[in-house]
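**Q** Quick one: the structure is below, and I'll ask about it shortly.
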Amino acid sequence: MLRDKEKFKYLFIDRIETMYGISMEESTDIEKYIALSSLVKDHIYRNWVNTQKRYNDADAKEMYYFSIEFLPGKQLGKNLINLGLKSICNKALNDLDIKLEDLEIIENDPALGSGGLGRLGSAFLDSLAAGEYPGNGCSIRYKYGLFKQKIIDGEQVEVLDNWLEHGNVWEVRKPNKAVEVKFYGDIDFEEIDGEMKIDHINYETVLAVPYDMPVTGYKNETVNTLRLFNAEPIEDIDYTLLSGKETKLALDYEKSVKGISDSLYPDDSNYEGKILRLKQQYFLVSAGLQTIFKRFINKGGKVSDIPNKLAIHINDTHPSLAIPELMRLLMDENGLGWDEAWSIVIKTISYTNHTILPEALEKWNIGMFGEVLPRIYMIVEEIDKRFKMVLIEEYGSDSSKVKDMAILDEDQIHMAHLAIIGSYSVNGVAAIHTEILKTKVMSNFYEFFPEKFNNKTNGITHRRWLLKSNPSLTKLVTESIGDKWIKNPEELSNLMKFKDDSSFKEKLMKSKKENKILLGNVIKDKYGILVDEESIFDVHVKRMHEYKRQLLNAFNIMDMYFRIKDNPDLDVVPRTFMFGGKAAPGYFMAKRVINLINTMAEVINNDKDIKDKIKIIFLDGYDVTLAERIFPATDVSEQISTASKEASGTGNMKFMLNGALTIGTLDGANIEIQEAVGDDNFFKFGLTVEEVLKYYDSGGYDAWEVYNNNYNLKRVIDSLIDGSMFGAKDKFKVIYDTLLHHNDQYFVLEDFEEYKRAQGEVDKKFRDKSAWYKSSIINIANAGKFSSDRTIKEYVDDIWNIREVSK
Ligand code: 26W
């Protein structure tokens, strides 16, 4: 149908006419975008129905990936590529004087996530569909995504992200699949012919209405589902019939219900025990499991067969209430006994941990939890009681392990403990991270459940981060090694034969330059700043957090600035330093660092003595779509977290795939990237994980000492308060104090000199284009193993035990 240009043009024009009753010429870009997407959607929906049918016919085991966040990015471009319709669509629209990218801009990024965890979930769904695996996503249809970031007077300002302003053409509402989720109320016990009957009464009901989005596979006819739940009142309320008091009650009810799927919590590393967040988590798991259960039973599934037919994965602890909720469904709604139910749960649910930051680990207050979720609390209490019995059996009642591994301790519910106890698999997201879980953070659990712990190093979908977002490099790679790499990314290793090929290097340099010019145009249009594409594009984009050390990067730039002020003829390769990333609205220090970077940019970008040797840009509103512009244009990828703090990182993999060289600590997946490309092709520096953990365990780090023994560093730190750079005294005193008076928790001062050395090596190597692009080729060639296709294959084989179901 759509594979013929003339047919495509006819159907597109016809769709605008039939959708809006206007001619194509009269239509706006929004109407053109919606018409085009709805045309593509029809194609997808047919495959969607057939895929479901295929899974049913094959009686396939299906996996459901529960995540409080997903970051899918724009869908039109990706779907056109996956359907193999991109070029025909381009040609058809060109004939009609329409530029596809002008329509793609219309689509809003579904910003239903805050960072790495959400984006990883979306990469996994893409790789599951590409692999023809029956794997689906489950989350919340937030009305407002993660806030939009504006920088005003150098400060972050949060703006509501109304991503549904044009609706969401890709979703389909399924009211007939809606289910009820119960909050509050009381639990009633009733003895009926010897059986203890549990009854939940006086509860508040919220209707969970699914909105399904198709997840297309690459050039196969597989279409999986991302199900997003919307919270709605149980029935429409006719206020005209209500008294004053009733009206107030009804208004409160409606408000509290709608609030559940209103907006995503913007914090990505700091747990806040907010009731609404707890209601969101239970809303997600109860709605998700109820709809999955109903479908399973309707298909004739036997409850006892659930572990063989369903795999439920929880993306961090945020959906870990799936464990007690599945127990409730099995016992209260399917009449199973505790042991039978438990044996099903611990063979069905698996868990991934994404962070070791203590402040990110969820611990709900027992009082609040019990009030909001009375029945679930009873079940959690019983799980805790029974596990304590097992531990006492094993270690004796006075063992500290009993308390250390408890789910309920003091007045808190330790969600990570519940997740580990209730899952058959517990994985970290990079080799070093999993080691730290085993030896440090969860060592008691590893000793008790060694068989559950495994590593699954993260990955990225190369289809979005190369094929879609870097067409010039894609063309060069495919011309050189064919296009098998798209379905099998390890094929990229065939590029190694070009690492000393000067004509290939020429072409790669040309592609990089093209992408740098494209990004330069975006920066000129948006900020009016001219960037030199011959300069080193040195990029630091990720959430703002002290452990990610945007501050260390800033200090090195300030030092460079002072050294050029000392000696304006200082021979440095011009650098364009780019920063991007949102700070959680309540994260004061992260916001100070955003302000520092913007204030530095103001001073340095306009300082004549610097003669454009340094340019600093803070790219506001960092999201998936902006990232697609940035990675292809980057020379240096900043992965400089304090060793042991970054569980994996995934931006590091996207930069590598686009031929950027990494300057980084041996932290998270940086270690595996460095192992893959070798010392010569990775600028490593800084304390190792062992050294950092030793300092944390046995102290011995004195920030003042480092400060006092390093003139350049001292000058930089002093400029935070002495006005030498920012005029005003004490402009960044809070940063100064945190480093010196709170002993620099993230070792920014300790790693400064090493980082500076590594940046010196970057400068030196960049001058030798042949050497630089040899390393660039080696990075691209070794990026295949960091595809989420490899990661998903490991999850599928080692954890979920699902099989591909191809046409
Ligand atoms: C309770 C608040 C909260 C919200 C989100 C705490 C923690 C999170 C996420 C787990 C934070 C996150 O996104 N972690 C990142 O996950 C990526 C995917 O595995 C990793 O690559 C990053 O290293 C990790 O920081």
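The values are calculated or read from the model by the stated rules, or taken from the named source; none is laboratory data. Nothing here was measured: the structure is a model prediction, and the numbers come from that model. Cβ atoms come from the backbone with ideal geometry, glycine included; neighbour counts cover every protein chain shown. Heavy atoms of the whole protein, side chains included, go into the accessibility calculation; ligands, DNA and RNA do not. Shrake-Rupley method; radii C 1.70, N 1.55, O 1.52, S 1.80 Å.
**Q** Look through Glu371, Glu382, Glu394, Glu359 and report the one residue that is within 16 Å of the ligand (Cβ to nearest atom), surrounded by fewer than 16 Cβ atoms within 10 Å (Cβ to Cβ), in contact (Cβ under 8 Å) with a residue 24 or more places away in the chain and not in a loop (DSSP other than H, G, I, E, B).
**A** It is Glu359.
**Q** Taking helices (runs of 4 or more DSSP H) that do not extend beyond the stretch 252-355, which have at least 3 residues that are within 16 Å of the ligand (Cβ to nearest atom) and over 24 Å from the mean Cα position of the chain (by Cα)?
**A** Once the helices (runs of 4 or more DSSP H) in the stretch 252-355 are filtered for at least 3 residues that are within 16 Å of the ligand (Cβ to nearest atom) and over 24 Å from the mean Cα position of the chain (by Cα), nothing remains.
**Q** Could you count how many residues in the stretch 745-789 are within 26 Å of Gly699 (Cβ to Cβ), open to solvent by 10 Å² or more (accessible area, probe 1.4 Å) and not in a helix (DSSP H, G or I)?
**A** Total satisfying the criteria: 3.
**Q** Name every residue in the stretch 397-420 that is in contact (Cβ under 8 Å) with a residue 40 or more places away in the chain and either within 25 Å of Gln280 (Cα to Cα) or among the acidic types (Asp, Glu) (or both), in order of residue number.
**A** Asp404, Leu408, Asp411, Gln412, Ile413, His414, Met415, Ala416, Leu418, Ala419, Ile420
**Q** Then there's this: List pairs: first residue in the stretch 646-670 and open to solvent by 10 Å² or more (accessible area, probe 1.4 Å), second residue assigned to a strand (DSSP E or B) and among the hydrophobic types (A, V, I, L, M, F, W, C) anywhere in the structure, Cβ distance under 8 angstrom, at least six positions apart or on different chains.
**A** Listed by first residue and then by second, the contacts come to Thr650/Ile460; Gly651/Val541; Lys654/Ile460.
Residue by residue, here is whether (1) more than 30 Å from Ile349 (Cα to Cα); (2) surrounded by fewer than 17 Cβ atoms within 10 Å (Cβ to Cβ); (3) of a type outside the set (D, E, K, R); (4) free of Cβ contacts under 8 Å to residues at least 12 places away in the same chain holds:
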| residue | (1), (2), (3), (4) |
| --- | --- |
| Lys53 | no, yes, no, yes |
| Asp57 | no, yes, no, yes |
| Ala60 | no, yes, yes, no |
| Tyr65 | no, no, yes, no |
| Lys78 | yes, no, no, no |
| Asp97 | yes, yes, no, yes |
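**Q** Next question. Read through the list (1) closer than 24 Å to Thr355 by Cα; (2) in a loop (DSSP other than H, G, I, E, B); (3) out of contact with any Gly (no Cβ under 8 Å at 6 or more places or on another chain); (4) not aliphatic (A, V, I, L, M), then give the number of the only condition that Thr662 fails.
**A** Status for Thr662: all satisfied but (2).
**Q** Of all residues in the stretch 634-649, how many are within 11 Å of the ligand (Cβ to nearest atom) and either farther than 22 Å from Val692 by Cα or not in a loop (DSSP other than H, G, I, E, B) (or both)?
**A** 1
**Q** Something else: Could you give every pair whose Cβ atoms fall below 8 Å, whose first residue belongs to the stretch 429-456 and is free of Cβ contacts under 8 Å to residues at least 40 places away in the same chain and within 13 Å of the ligand (Cβ to nearest atom), and whose second residue is open to solvent by 10 Å² or more (accessible area, probe 1.4 Å) and not in a helix (DSSP H, G or I), counting only separations of at least 6 or pairs across chains?
**A** Cβ pairs passing all conditions: Thr434/Phe453; Thr434/Asn454; Thr434/Asn455.
**Q** If we scan the stretch 171-181, do we find a residue that is within 16 Å of the ligand (Cβ to nearest atom) and under 22 Å from Gly77 (Cβ atoms)?
**A** Checked the stretch 171-181: no residue is within 16 Å of the ligand (Cβ to nearest atom) and under 22 Å from Gly77 (Cβ atoms).
**Q** I need the helices (runs of 4 or more DSSP H) fully contained in the stretch 61-135, keeping only those with at least 3 residues that are within 16 Å of the ligand (Cβ to nearest atom).
**A** Of the helices (runs of 4 or more DSSP H) lying wholly inside the stretch 61-135, those with at least 3 residues that are within 16 Å of the ligand (Cβ to nearest atom) span 116-130.
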